[in-house]
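Engineer: The structure is given below, and queries will be raised subsequently.
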Amino acid sequence: MHLGMSLLLAPRIRRMYLFQGILSIFAWFLVQLLDRRGTGLKYRGIYIVLFVTGLLGRWSTPGAQSNDIQGFSRMKLTGPVSRELSKEARRVAVQSMAGPLLDWINSHTDIPWDTSNAIYRYHFHNLLSKCAEKATENSEFEGYLWTYTLTVKNADRHSVVVRHNARFDSLAFSYWEQSQAALKKENISDAYRSAVAALFFSMGHIGAPPQVPDSPESLLRVSRSVLQDMLSRLKLSTDHMVIEGKPGFLPKKAVRISVRIDDTPLAQFPVNGLGSGGRKIFSAETEHEGSISLEKVPVPYVANGSFLYIVPSFEGIVDVRIPFNADDLGLKVTKAQKEQVIYKLIPPVYTLKYGVNEVSDIEVPSDFSRDTFLRRFFSDTCFLDPHDGSEEPDLAFDIHSQVSKYTNDQTYQLVIKVDSRIIIQPKKHQHDQVEKAFTLLERTYDLEEDISLGLFFWEAAAELKKNIRRILMDL
(Lines give C-alpha, C1' and ligand atoms only; values in the text may rest on other atoms or scores of the structure.)
Protein backbone atom coordinates (compact mmCIF):
# COMPACT_ATOMS: atom_id res chain seq x y z
CA MET A 1 0.00 0.00 0.00
CA HIS A 2 1.35 3.45 -0.95
CA LEU A 3 2.32 5.83 1.85
CA GLY A 4 -0.27 8.44 0.86
CA MET A 5 -3.11 5.92 0.91
CA SER A 6 -1.92 4.31 4.16
CA LEU A 7 -1.80 7.70 5.84
CA LEU A 8 -5.21 8.65 4.47
CA LEU A 9 -6.71 5.49 5.95
CA ALA A 10 -5.06 5.91 9.34
CA PRO A 11 -7.54 5.39 12.18
CA ARG A 12 -7.52 8.87 13.64
CA ILE A 13 -8.31 10.40 10.26
CA ARG A 14 -11.01 7.80 9.55
CA ARG A 15 -12.62 8.66 12.88
CA MET A 16 -12.46 12.36 12.05
CA TYR A 17 -14.31 11.86 8.75
CA LEU A 18 -16.92 9.66 10.42
CA PHE A 19 -17.45 12.25 13.16
CA GLN A 20 -17.73 14.99 10.54
CA GLY A 21 -20.40 13.04 8.66
CA ILE A 22 -22.48 12.37 11.75
CA LEU A 23 -22.45 16.00 12.87
CA SER A 24 -23.24 17.23 9.34
CA ILE A 25 -26.32 14.96 9.22
CA PHE A 26 -27.36 16.25 12.65
CA ALA A 27 -26.97 19.84 11.44
CA TRP A 28 -29.10 19.08 8.35
CA PHE A 29 -31.96 17.78 10.53
CA LEU A 30 -31.58 20.90 12.67
CA VAL A 31 -32.04 23.03 9.54
CA GLN A 32 -35.26 21.18 8.66
CA LEU A 33 -36.58 21.77 12.16
CA LEU A 34 -35.75 25.48 12.02
CA ASP A 35 -37.32 25.80 8.55
CA ARG A 36 -40.67 24.64 9.88
CA ARG A 37 -40.66 27.54 12.35
CA GLY A 38 -40.33 30.24 9.76
CA THR A 39 -38.26 31.45 6.85
CA GLY A 40 -36.46 33.90 9.07
CA LEU A 41 -34.66 31.04 10.71
CA LYS A 42 -33.78 29.30 7.46
CA TYR A 43 -30.53 31.15 6.91
CA ARG A 44 -29.50 30.56 10.52
CA GLY A 45 -29.73 26.80 9.85
CA ILE A 46 -27.63 27.13 6.71
CA TYR A 47 -25.02 29.01 8.67
CA ILE A 48 -24.93 26.17 11.21
CA VAL A 49 -24.31 23.59 8.46
CA LEU A 50 -21.59 25.69 6.84
CA PHE A 51 -19.89 26.36 10.16
CA VAL A 52 -19.87 22.74 11.35
CA THR A 53 -18.86 21.33 7.96
CA GLY A 54 -16.13 23.90 7.37
CA LEU A 55 -14.68 23.61 10.87
CA LEU A 56 -14.59 19.81 10.83
CA GLY A 57 -13.40 19.70 7.24
CA ARG A 58 -10.32 21.73 8.17
CA TRP A 59 -9.76 19.68 11.35
CA SER A 60 -10.09 16.31 9.62
CA THR A 61 -8.10 17.00 6.45
CA PRO A 62 -4.72 15.19 6.52
CA GLY A 63 -2.95 18.16 4.99
CA ALA A 64 -4.12 20.38 7.84
CA GLN A 65 -2.32 18.10 10.29
CA SER A 66 0.94 18.16 8.31
CA ASN A 67 2.60 21.21 9.81
CA ASP A 68 6.36 21.61 9.76
CA ILE A 69 8.09 19.98 12.72
CA GLN A 70 10.39 22.21 14.73
CA GLY A 71 12.81 21.80 17.60
CA PHE A 72 14.26 24.58 19.74
CA SER A 73 17.18 25.20 22.03
CA ARG A 74 17.58 28.40 24.06
CA MET A 75 20.82 29.21 25.85
CA LYS A 76 22.23 32.16 27.75
CA LEU A 77 25.68 32.92 26.36
CA THR A 78 28.72 34.11 28.30
CA GLY A 79 30.95 34.27 25.21
CA PRO A 80 31.19 33.19 21.56
CA VAL A 81 29.35 30.03 20.48
CA SER A 82 31.90 27.22 20.62
CA ARG A 83 31.81 23.96 18.67
CA GLU A 84 30.88 22.06 21.83
CA LEU A 85 28.04 24.49 22.57
CA SER A 86 26.76 24.16 19.00
CA LYS A 87 26.66 20.38 19.36
CA GLU A 88 24.77 20.68 22.63
CA ALA A 89 22.27 23.15 21.14
CA ARG A 90 21.59 20.79 18.23
CA ARG A 91 21.20 17.81 20.58
CA VAL A 92 18.62 19.70 22.66
CA ALA A 93 16.77 20.91 19.55
CA VAL A 94 16.58 17.38 18.12
CA GLN A 95 15.22 16.14 21.45
CA SER A 96 12.55 18.85 21.45
CA MET A 97 11.45 17.69 17.97
CA ALA A 98 10.62 14.26 19.43
CA GLY A 99 7.23 15.23 20.89
CA PRO A 100 5.75 16.81 17.73
CA LEU A 101 7.12 13.99 15.56
CA LEU A 102 5.64 11.31 17.81
CA ASP A 103 2.25 13.08 17.80
CA TRP A 104 2.33 13.16 14.01
CA ILE A 105 3.20 9.43 13.79
CA ASN A 106 0.42 8.44 16.18
CA SER A 107 -2.13 10.39 14.14
CA HIS A 108 -1.13 8.45 11.01
CA THR A 109 -0.67 4.85 12.10
CA ASP A 110 -3.01 2.01 13.00
CA ILE A 111 -1.04 1.12 16.15
CA PRO A 112 0.12 4.01 18.40
CA TRP A 113 3.85 4.10 19.00
CA ASP A 114 4.42 3.86 22.74
CA THR A 115 8.09 4.77 23.19
CA SER A 116 8.21 2.96 26.53
CA ASN A 117 8.25 -0.09 24.22
CA ALA A 118 11.92 -0.72 23.33
CA ILE A 119 11.17 -1.66 19.70
CA TYR A 120 8.97 1.35 18.94
CA ARG A 121 11.57 3.51 20.69
CA TYR A 122 14.27 2.10 18.40
CA HIS A 123 12.25 2.78 15.25
CA PHE A 124 11.24 6.23 16.50
CA HIS A 125 14.81 7.35 17.23
CA ASN A 126 15.89 6.02 13.85
CA LEU A 127 13.22 8.15 12.17
CA LEU A 128 14.02 11.16 14.38
CA SER A 129 17.71 11.06 13.43
CA LYS A 130 16.84 10.89 9.72
CA CYS A 131 14.46 13.84 10.07
CA ALA A 132 17.16 15.80 11.89
CA GLU A 133 19.51 15.23 8.94
CA LYS A 134 16.95 16.93 6.68
CA ALA A 135 16.27 19.85 9.04
CA THR A 136 17.23 23.43 8.24
CA GLU A 137 19.01 25.45 10.94
CA ASN A 138 18.32 28.97 12.14
CA SER A 139 19.86 31.09 14.90
CA GLU A 140 18.51 34.23 16.54
CA PHE A 141 20.21 36.38 19.18
CA GLU A 142 18.58 38.73 21.69
CA GLY A 143 21.35 40.14 23.81
CA TYR A 144 22.96 37.13 25.51
CA LEU A 145 20.02 34.80 24.69
CA TRP A 146 20.64 32.44 21.76
CA THR A 147 17.70 30.60 20.15
CA TYR A 148 18.66 27.73 17.85
CA THR A 149 15.90 26.22 15.69
CA LEU A 150 15.66 23.09 13.55
CA THR A 151 12.80 22.88 11.02
CA VAL A 152 11.74 19.81 9.02
CA LYS A 153 9.53 20.73 6.05
CA ASN A 154 6.51 18.61 5.16
CA ALA A 155 8.06 17.39 1.89
CA ASP A 156 11.28 16.40 3.62
CA ARG A 157 9.42 14.55 6.34
CA HIS A 158 7.36 12.75 3.71
CA SER A 159 10.48 11.59 1.84
CA VAL A 160 12.08 10.39 5.10
CA VAL A 161 8.98 8.36 5.97
CA VAL A 162 8.82 6.83 2.48
CA ARG A 163 12.45 5.70 2.71
CA HIS A 164 11.93 4.54 6.31
CA ASN A 165 8.97 2.35 5.35
CA ALA A 166 10.72 1.00 2.26
CA ARG A 167 13.78 -0.02 4.28
CA PHE A 168 11.99 -1.75 7.13
CA ASP A 169 9.30 -3.34 4.94
CA SER A 170 12.05 -4.86 2.80
CA LEU A 171 13.80 -6.30 5.85
CA ALA A 172 10.55 -7.58 7.35
CA PHE A 173 9.42 -9.40 4.18
CA SER A 174 12.89 -10.81 3.57
CA TYR A 175 13.02 -12.36 7.06
CA TRP A 176 9.42 -13.56 6.72
CA GLU A 177 10.27 -15.43 3.53
CA GLN A 178 13.30 -16.97 5.24
CA SER A 179 11.11 -18.07 8.15
CA GLN A 180 8.56 -19.72 5.84
CA ALA A 181 11.31 -21.49 3.90
CA ALA A 182 12.85 -22.81 7.13
CA LEU A 183 9.46 -24.08 8.33
CA LYS A 184 9.01 -26.05 5.11
CA LYS A 185 12.37 -27.70 5.80
CA GLU A 186 11.31 -28.30 9.43
CA ASN A 187 14.26 -26.20 10.61
CA ILE A 188 12.45 -24.81 13.66
CA SER A 189 15.44 -22.92 15.07
CA ASP A 190 16.04 -20.90 11.87
CA ALA A 191 12.29 -20.37 11.43
CA TYR A 192 12.04 -18.99 14.95
CA ARG A 193 14.99 -16.61 14.53
CA SER A 194 13.73 -15.27 11.18
CA ALA A 195 10.19 -14.84 12.53
CA VAL A 196 11.53 -12.72 15.42
CA ALA A 197 13.39 -10.47 12.96
CA ALA A 198 10.34 -10.22 10.67
CA LEU A 199 8.13 -9.11 13.57
CA PHE A 200 10.75 -6.65 14.85
CA PHE A 201 11.12 -4.86 11.51
CA SER A 202 7.41 -4.97 10.64
CA MET A 203 6.73 -2.95 13.81
CA GLY A 204 8.64 -0.05 12.24
CA HIS A 205 6.08 0.67 9.50
CA ILE A 206 4.31 4.04 9.65
CA GLY A 207 0.75 3.87 8.38
CA ALA A 208 -1.50 0.87 7.76
CA PRO A 209 0.68 -2.28 8.12
CA PRO A 210 1.56 -3.91 4.77
CA GLN A 211 -0.21 -7.16 3.92
CA VAL A 212 1.28 -10.58 3.32
CA PRO A 213 1.03 -11.40 -0.44
CA ASP A 214 -2.15 -13.32 -1.35
CA SER A 215 -3.54 -12.77 2.16
CA PRO A 216 -5.89 -10.24 3.78
CA GLU A 217 -3.74 -10.28 6.95
CA SER A 218 -0.93 -7.85 7.71
CA LEU A 219 2.64 -9.07 8.06
CA LEU A 220 2.68 -7.67 11.58
CA ARG A 221 -0.26 -9.81 12.69
CA VAL A 222 0.79 -12.99 10.84
CA SER A 223 4.42 -12.97 12.02
CA ARG A 224 3.30 -12.34 15.61
CA SER A 225 0.77 -15.19 15.39
CA VAL A 226 3.32 -17.67 14.00
CA LEU A 227 5.89 -16.68 16.61
CA GLN A 228 3.36 -16.96 19.45
CA ASP A 229 2.47 -20.47 18.27
CA MET A 230 6.15 -21.48 18.38
CA LEU A 231 6.56 -20.03 21.88
CA SER A 232 3.46 -21.83 23.18
CA ARG A 233 5.06 -25.17 22.20
CA LEU A 234 8.46 -24.23 23.65
CA LYS A 235 9.78 -25.68 26.92
CA LEU A 236 12.91 -24.74 28.90
CA SER A 237 14.25 -27.10 31.58
CA THR A 238 17.35 -27.62 33.74
CA ASP A 239 18.95 -30.78 35.10
CA HIS A 240 18.88 -29.42 38.68
CA MET A 241 17.88 -26.27 40.57
CA VAL A 242 21.01 -25.06 42.43
CA ILE A 243 24.18 -23.22 41.37
CA GLU A 244 26.91 -23.44 44.01
CA GLY A 245 30.00 -21.26 44.20
CA LYS A 246 31.63 -17.98 45.23
CA PRO A 247 30.79 -14.66 43.50
CA GLY A 248 33.38 -13.79 40.89
CA PHE A 249 34.45 -17.41 40.43
CA LEU A 250 33.26 -20.21 38.17
CA PRO A 251 30.60 -22.33 39.87
CA LYS A 252 31.55 -25.49 41.76
CA LYS A 253 28.25 -26.95 40.64
CA ALA A 254 26.60 -25.62 37.48
CA VAL A 255 23.34 -26.42 35.70
CA ARG A 256 22.58 -27.54 32.14
CA ILE A 257 19.73 -25.87 30.23
CA SER A 258 17.71 -27.75 27.61
CA VAL A 259 15.33 -26.20 25.06
CA ARG A 260 12.70 -28.08 23.03
CA ILE A 261 9.71 -27.41 20.83
CA ASP A 262 7.37 -30.36 21.25
CA ASP A 263 9.92 -33.21 21.26
CA THR A 264 12.48 -31.50 19.02
CA PRO A 265 15.73 -30.17 20.62
CA LEU A 266 16.52 -26.65 19.43
CA ALA A 267 20.14 -25.93 18.50
CA GLN A 268 21.47 -22.35 18.46
CA PHE A 269 18.49 -21.20 20.49
CA PRO A 270 19.33 -17.97 22.38
CA VAL A 271 18.58 -17.70 26.11
CA ASN A 272 19.15 -15.00 28.74
CA GLY A 273 19.88 -15.44 32.43
CA LEU A 274 18.30 -12.62 34.44
CA GLY A 275 18.86 -11.61 38.06
CA SER A 276 16.59 -9.60 40.31
CA GLY A 277 15.13 -6.52 38.65
CA GLY A 278 15.74 -8.02 35.20
CA ARG A 279 19.52 -7.45 35.25
CA LYS A 280 21.16 -9.62 32.61
CA ILE A 281 23.66 -12.11 34.07
CA PHE A 282 24.51 -13.94 30.85
CA SER A 283 23.44 -14.61 27.25
CA ALA A 284 24.09 -17.92 25.53
CA GLU A 285 22.94 -20.23 22.75
CA THR A 286 22.19 -23.92 22.96
CA GLU A 287 24.59 -26.34 21.30
CA HIS A 288 23.76 -28.84 18.55
CA GLU A 289 21.91 -31.18 20.94
CA GLY A 290 19.68 -28.35 22.17
CA SER A 291 21.30 -27.74 25.56
CA ILE A 292 24.06 -25.69 27.19
CA SER A 293 25.97 -25.86 30.48
CA LEU A 294 26.56 -22.77 32.66
CA GLU A 295 29.88 -24.11 33.94
CA LYS A 296 31.79 -21.25 32.28
CA VAL A 297 29.48 -18.48 33.51
CA PRO A 298 31.00 -16.79 36.62
CA VAL A 299 28.81 -16.52 39.70
CA PRO A 300 27.56 -12.88 39.99
CA TYR A 301 27.80 -10.69 43.09
CA VAL A 302 24.34 -11.35 44.48
CA ALA A 303 22.86 -12.38 47.83
CA ASN A 304 22.86 -16.01 48.89
CA GLY A 305 19.51 -17.54 47.92
CA SER A 306 18.97 -15.21 44.95
CA PHE A 307 17.19 -16.58 41.90
CA LEU A 308 18.47 -16.78 38.34
CA TYR A 309 15.64 -16.66 35.77
CA ILE A 310 16.32 -18.34 32.42
CA VAL A 311 14.13 -17.07 29.57
CA PRO A 312 14.14 -17.03 25.75
CA SER A 313 16.30 -14.26 24.32
CA PHE A 314 15.17 -12.05 21.46
CA GLU A 315 17.62 -9.16 21.18
CA GLY A 316 20.53 -11.44 20.23
CA ILE A 317 18.64 -12.47 17.10
CA VAL A 318 18.27 -8.98 15.61
CA ASP A 319 21.53 -7.09 15.16
CA VAL A 320 20.37 -3.71 16.48
CA ARG A 321 22.25 -3.68 19.82
CA ILE A 322 19.25 -2.80 21.96
CA PRO A 323 17.67 -4.94 24.68
CA PHE A 324 14.05 -5.97 24.09
CA ASN A 325 11.86 -8.79 25.33
CA ALA A 326 8.65 -10.71 24.64
CA ASP A 327 6.46 -7.89 25.98
CA ASP A 328 8.00 -5.45 23.49
CA LEU A 329 7.16 -7.86 20.66
CA GLY A 330 3.59 -8.27 21.92
CA LEU A 331 4.17 -11.94 22.84
CA LYS A 332 3.13 -13.90 25.93
CA VAL A 333 5.64 -16.11 27.72
CA THR A 334 4.21 -18.70 30.14
CA LYS A 335 5.83 -20.64 32.98
CA ALA A 336 6.74 -23.44 30.56
CA GLN A 337 9.04 -21.02 28.70
CA LYS A 338 10.79 -19.90 31.88
CA GLU A 339 13.05 -21.71 34.32
CA GLN A 340 14.55 -20.57 37.59
CA VAL A 341 17.47 -21.80 39.66
CA ILE A 342 18.82 -20.63 43.01
CA TYR A 343 22.31 -19.51 44.03
CA LYS A 344 23.94 -21.21 47.02
CA LEU A 345 26.90 -18.94 47.74
CA ILE A 346 30.03 -18.58 49.85
CA PRO A 347 30.75 -14.85 50.55
CA PRO A 348 34.07 -13.56 49.09
CA VAL A 349 36.61 -12.13 51.56
CA TYR A 350 37.98 -8.60 51.08
CA THR A 351 40.55 -6.12 52.35
CA LEU A 352 40.14 -2.33 52.18
CA LYS A 353 42.50 0.66 52.02
CA TYR A 354 40.58 3.94 52.07
CA GLY A 355 41.73 7.55 52.26
CA VAL A 356 40.51 11.13 51.72
CA ASN A 357 42.62 14.25 51.38
CA GLU A 358 41.68 17.93 51.02
CA VAL A 359 43.58 20.24 48.66
CA SER A 360 41.52 23.26 49.71
CA ASP A 361 40.37 24.79 52.97
CA ILE A 362 37.36 22.54 53.47
CA GLU A 363 36.38 20.31 56.37
CA VAL A 364 35.40 16.75 55.43
CA PRO A 365 32.92 15.12 57.84
CA SER A 366 34.02 11.91 59.54
CA ASP A 367 31.07 10.09 57.95
CA PHE A 368 32.93 10.39 54.65
CA SER A 369 36.59 10.52 55.73
CA ARG A 370 36.40 7.18 57.61
CA ASP A 371 35.79 3.78 55.99
CA THR A 372 32.90 2.74 58.26
CA PHE A 373 30.22 3.48 55.65
CA LEU A 374 32.05 1.42 53.03
CA ARG A 375 32.51 -1.61 55.30
CA ARG A 376 28.81 -1.54 56.12
CA PHE A 377 28.06 -1.27 52.40
CA PHE A 378 30.30 -4.24 51.55
CA SER A 379 28.55 -6.39 54.14
CA ASP A 380 24.91 -5.35 53.61
CA THR A 381 24.78 -4.73 49.86
CA CYS A 382 27.74 -6.50 48.25
CA PHE A 383 27.58 -9.59 50.53
CA LEU A 384 31.33 -9.62 51.22
CA ASP A 385 33.08 -10.74 54.40
CA PRO A 386 35.99 -8.73 55.90
CA HIS A 387 39.37 -10.42 55.94
CA ASP A 388 40.17 -11.88 59.37
CA GLY A 389 43.62 -13.28 58.57
CA SER A 390 42.57 -16.92 58.46
CA GLU A 391 42.69 -17.18 54.66
CA GLU A 392 43.92 -15.26 51.65
CA PRO A 393 41.44 -12.54 50.61
CA ASP A 394 39.58 -12.78 47.31
CA LEU A 395 39.41 -9.04 46.65
CA ALA A 396 41.60 -6.09 47.68
CA PHE A 397 40.03 -2.62 47.47
CA ASP A 398 42.19 0.52 47.28
CA ILE A 399 39.93 3.60 47.24
CA HIS A 400 41.12 7.20 47.44
CA SER A 401 39.19 10.49 47.15
CA GLN A 402 40.38 14.09 46.83
CA VAL A 403 38.20 17.05 47.85
CA SER A 404 38.72 20.51 46.36
CA LYS A 405 36.93 23.82 45.96
CA TYR A 406 37.45 26.88 43.78
CA THR A 407 35.67 30.06 42.67
CA ASN A 408 34.48 30.42 39.08
CA ASP A 409 35.54 33.96 38.09
CA GLN A 410 33.04 34.11 35.18
CA THR A 411 29.92 33.13 37.12
CA TYR A 412 31.03 34.30 40.59
CA GLN A 413 30.09 30.93 42.04
CA LEU A 414 31.77 28.42 44.36
CA VAL A 415 32.48 24.92 43.05
CA ILE A 416 33.07 21.94 45.37
CA LYS A 417 34.36 18.74 43.77
CA VAL A 418 35.31 15.21 44.78
CA ASP A 419 37.60 13.15 42.51
CA SER A 420 37.97 9.45 43.23
CA ARG A 421 40.08 6.48 42.19
CA ILE A 422 38.95 2.90 42.74
CA ILE A 423 41.31 -0.06 42.35
CA ILE A 424 40.01 -3.61 42.80
CA GLN A 425 42.70 -6.30 42.80
CA PRO A 426 41.52 -9.92 42.69
CA LYS A 427 43.96 -11.97 44.77
CA LYS A 428 43.17 -15.56 43.79
CA HIS A 429 40.76 -14.50 41.14
CA GLN A 430 40.43 -15.08 37.39
CA HIS A 431 39.82 -11.39 36.61
CA ASP A 432 42.46 -8.73 35.97
CA GLN A 433 42.93 -5.71 38.22
CA VAL A 434 40.32 -3.00 37.65
CA GLU A 435 41.18 0.70 38.05
CA LYS A 436 38.74 3.58 37.59
CA ALA A 437 39.42 7.31 38.07
CA PHE A 438 36.62 9.86 37.74
CA THR A 439 34.96 12.98 39.15
CA LEU A 440 32.65 11.55 41.79
CA LEU A 441 30.58 14.66 42.52
CA GLU A 442 30.66 18.34 41.60
CA ARG A 443 28.26 21.01 42.86
CA THR A 444 28.04 24.77 42.20
CA TYR A 445 26.84 27.27 44.81
CA ASP A 446 26.26 31.02 44.92
CA LEU A 447 28.90 32.78 46.99
CA GLU A 448 26.28 34.05 49.45
CA GLU A 449 24.59 30.65 49.73
CA ASP A 450 24.58 28.72 53.01
CA ILE A 451 26.24 25.43 52.00
CA SER A 452 25.27 22.15 53.68
CA LEU A 453 28.50 20.14 53.61
CA GLY A 454 26.76 17.23 55.35
CA LEU A 455 24.31 16.85 52.44
CA PHE A 456 27.10 17.25 49.88
CA PHE A 457 29.21 14.45 51.36
CA TRP A 458 26.15 12.25 51.87
CA GLU A 459 25.62 12.50 48.10
CA ALA A 460 29.32 11.82 47.50
CA ALA A 461 29.15 8.66 49.63
CA ALA A 462 26.09 7.45 47.72
CA GLU A 463 27.83 8.04 44.37
CA LEU A 464 30.96 6.21 45.57
CA LYS A 465 28.94 3.16 46.59
CA LYS A 466 27.05 3.21 43.32
CA ASN A 467 30.29 3.18 41.33
CA ILE A 468 31.79 0.36 43.39
CA ARG A 469 28.64 -1.70 42.92
CA ARG A 470 28.71 -1.09 39.17
CA ILE A 471 32.33 -2.25 38.91
CA LEU A 472 31.60 -5.42 40.90
CA MET A 473 28.66 -6.21 38.61
CA ASP A 474 30.97 -6.02 35.60
CA LEU A 475 33.65 -8.32 37.03
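The values are calculated or read from the model by the stated rules, or taken from the named source; none is laboratory data. This one's a predicted model, so the numbers in the text were calculated from it and none came from an experiment. Here the Cβ positions follow ideal geometry from the backbone for every residue, glycine too, while neighbour counts run over all protein chains shown.
Engineer: Which is within 33 Å of the chain's Cα centre (by Cα), aromatic (Phe, Trp, Tyr) and closer than 27 Å to Tyr343 by Cβ, of Phe438, Phe383, Phe456?
Structural biologist: Going through Phe438, Phe383, Phe456 in turn, the sole match is Phe383.
Yes or no, residue by residue, for (1) over 27 Å from Met473 (Cβ atoms); (2) surrounded by fewer than 16 Cβ atoms within 10 Å (Cβ to Cβ); (3) among the hydroxyl-bearing types (Ser, Thr, Tyr):
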site: Val222; (1), (2), (3): yes, no, no
site: Asp229; (1), (2), (3): yes, yes, no
site: Ser237; (1), (2), (3): yes, yes, yes
site: Lys252; (1), (2), (3): no, yes, no
site: Pro270; (1), (2), (3): no, no, no
site: Gly278; (1), (2), (3): no, yes, no
site: Ser293; (1), (2), (3): no, yes, yes
site: Val299; (1), (2), (3): no, no, no
site: Val302; (1), (2), (3): no, no, no
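Engineer: Still on this structure, I have one more. Could you check region 86-119 and list, in sequence order, the residues that are under 20 Å from the mean Cα position of the chain (by Cα), among the aliphatic types (A, V, I, L, M) and over 16 Å from Asn154 (Cα atoms)?
Structural biologist: Correct list: Val92, Val94, Ile111, Ala118, Ile119.
Engineer: For region 314-338, name all the residues that are among the small types (Gly, Ala, Ser) and at pLDDT 90 or above.
Structural biologist: First, pick out the residues of region 314-338 that are among the small types (Gly, Ala, Ser): 316, 326, 330, 336.
Hits for region 314-338 are Ala326, Gly330.
Engineer: May I pose another question? Looking at Ser170, Ser179 in this structure, which one is small (Gly, Ala, Ser), crowded, with 18+ Cβ neighbours inside 10 Å and assigned to a helix (DSSP H, G or I)? Don't jump to the end; show me each part of the working.
Structural biologist: Working: Ser170 fails: crowded, with 18+ Cβ neighbours inside 10 Å.
Only one candidate qualifies: Ser179.
Engineer: Hey, could you check region 142-167 for residues that are part of a strand (DSSP E or B) and touching a strand residue (DSSP E or B) at 6+ places or on another chain (Cβ under 8 Å) and say which is farthest from Ala195 (Cα to Cα)?
Structural biologist: The residue in question is Leu145.
Engineer: Related question: Return yes or no: is Ile451 of a type in the set (A, V, I, L, M, F, W, C), part of a helix (DSSP H, G or I), surrounded by 14 or more Cβ atoms within 10 Å (Cβ to Cβ) and out of contact with any helix residue (DSSP H, G or I) (no Cβ under 6 Å at 6 or more places or on another chain)?
Structural biologist: Details: of a type in the set (A, V, I, L, M, F, W, C): yes; part of a helix (DSSP H, G or I): no; surrounded by 14 or more Cβ atoms within 10 Å (Cβ to Cβ): yes; out of contact with any helix residue (DSSP H, G or I) (no Cβ under 6 Å at 6 or more places or on another chain): yes.
So Ile451 does not fit the description; no.
Engineer: A follow-up question, please. Here are some conditions: (1) within 28 Å of Gly305 (Cα to Cα); (2) touching a residue at least 24 places away in the same chain (Cβ under 8 Å); (3) out of contact with any strand residue (DSSP E or B) (no Cβ under 8 Å at 6 or more places or on another chain). Leu475 meets all but one. Which one does it not meet?
Structural biologist: (3)
Engineer: Moving to a separate point now. Which of the residues belonging to region 324-346 are closer than 26 Å to Gly245 by Cβ and surrounded by fewer than 18 Cβ atoms within 10 Å (Cβ to Cβ)? Can you show your working first?
Structural biologist: First, the residues of region 324-346 that are closer than 26 Å to Gly245 by Cβ: 338-346.
Within region 324-346, Lys338, Gln340, Ile342, Lys344, Ile346 meet the criteria.
Engineer: Scan region 417-435 residue by residue and report those that are polar (S, T, N, Q), crowded, with 16+ Cβ neighbours inside 10 Å and over 30 Å from the mean Cα position of the chain (by Cα).
Structural biologist: Of the residues in region 417-435, the ones polar (S, T, N, Q) are 420, 425, 430, 433.
Restricting the remaining residues to those that are crowded, with 16+ Cβ neighbours inside 10 Å gives 420, 425.
Answer for region 417-435, where residues must be polar (S, T, N, Q), crowded, with 16+ Cβ neighbours inside 10 Å and over 30 Å from the mean Cα position of the chain (by Cα): just Gln425.
Engineer: Among the residues of region 120-158, which ones are surrounded by 14 or more Cβ atoms within 10 Å (Cβ to Cβ), polar (S, T, N, Q) and more than 20 Å from the chain's Cα centre (by Cα)?
Structural biologist: Thr147, Thr149, Thr151 - these are the residues of region 120-158 that are surrounded by 14 or more Cβ atoms within 10 Å (Cβ to Cβ), polar (S, T, N, Q) and more than 20 Å from the chain's Cα centre (by Cα).
Engineer: Spot the failing condition for Gly355; the list is (1) surrounded by fewer than 14 Cβ atoms within 10 Å (Cβ to Cβ); (2) assigned to a loop (DSSP other than H, G, I, E, B), and only one is missed.
Structural biologist: (2)
Engineer: Listed residues Ile424, Ile399; which is touching a His at 6+ places or on another chain (Cβ under 9 Å) and either among the aliphatic types (A, V, I, L, M) or not in a helix (DSSP H, G or I) (or both)?
Structural biologist: Working: Ile399 fails: touching a His at 6+ places or on another chain (Cβ under 9 Å).
Selected residue: Ile424, the only one of Ile424, Ile399 that is touching a His at 6+ places or on another chain (Cβ under 9 Å) and either among the aliphatic types (A, V, I, L, M) or not in a helix (DSSP H, G or I) (or both).
Engineer: While we're on this one: Of everything in region 455-469 that's of a type in the set (D, E, K, R) and more than 16 Å from Arg443 (Cβ to Cβ), which residue is surrounded by the most Cβ atoms within 10 Å (Cβ to Cβ)?
Structural biologist: Residues of region 455-469 that are of a type in the set (D, E, K, R), as a first pass: 459, 463, 465-466, 469.
With the extra rule that they be more than 16 Å from Arg443 (Cβ to Cβ), the set shrinks to 465-466, 469.
Numbers: Lys465: 17, Lys466: 11, Arg469: 14.
Looking at residues that are of a type in the set (D, E, K, R) and more than 16 Å from Arg443 (Cβ to Cβ), I get Lys465.
Engineer: Within region 308-350, work out how many residues are among the polar types (S, T, N, Q) and free of Cβ contacts under 8 Å to residues at least 12 places away in the same chain. Quick ask: steps written out before the conclusion?
Structural biologist: Of the residues in region 308-350, the ones among the polar types (S, T, N, Q) are 313, 325, 334, 337, 340.
Subset that is free of Cβ contacts under 8 Å to residues at least 12 places away in the same chain: none.
Going through region 308-350 one residue at a time, the tally reaches 0.
Engineer: Which of the residues belonging to region 242-277 are in contact with a Lys or Arg (Cβ under 6 Å, 6 or more places away or on another chain), in contact (Cβ under 8 Å) with a residue 60 or more places away in the chain and of a type outside the set (A, V, I, L, M, F, W, C)?
Structural biologist: Those that are in contact with a Lys or Arg (Cβ under 6 Å, 6 or more places away or on another chain), in contact (Cβ under 8 Å) with a residue 60 or more places away in the chain and of a type outside the set (A, V, I, L, M, F, W, C): Glu244, Gly245.
Engineer: Examine region 358-366 for a residue that is free of Cβ contacts under 8 Å to residues at least 60 places away in the same chain, out of contact with any Leu (no Cβ under 8 Å at 6 or more places or on another chain), under 30 Å from Met203 (Cβ atoms) and acidic (Asp, Glu), and state whether such a residue exists. I'd like the intermediate steps shown before the answer.
Structural biologist: Going residue by residue through region 358-366, those that are free of Cβ contacts under 8 Å to residues at least 60 places away in the same chain are 358-361, 366.
Narrowing the set further to residues that are out of contact with any Leu (no Cβ under 8 Å at 6 or more places or on another chain) leaves 358-361, 366.
Add one more test, that the residue is under 30 Å from Met203 (Cβ atoms), and what stays is none.
No - not one qualifying residue is present in region 358-366.
Engineer: Considering only region 395-420, state which residues are at pLDDT 90 or above and of a type in the set (D, E, K, R).
Structural biologist: Correct list: Asp398, Lys405, Lys417, Asp419.
Engineer: Being closer than 22 Å to Ser223 by Cβ and at pLDDT 95 or above is true for just one of Asp169, Asp110. Which residue is that?
Structural biologist: Working: Asp110 fails: at pLDDT 95 or above.
Answer to the check: Asp169.
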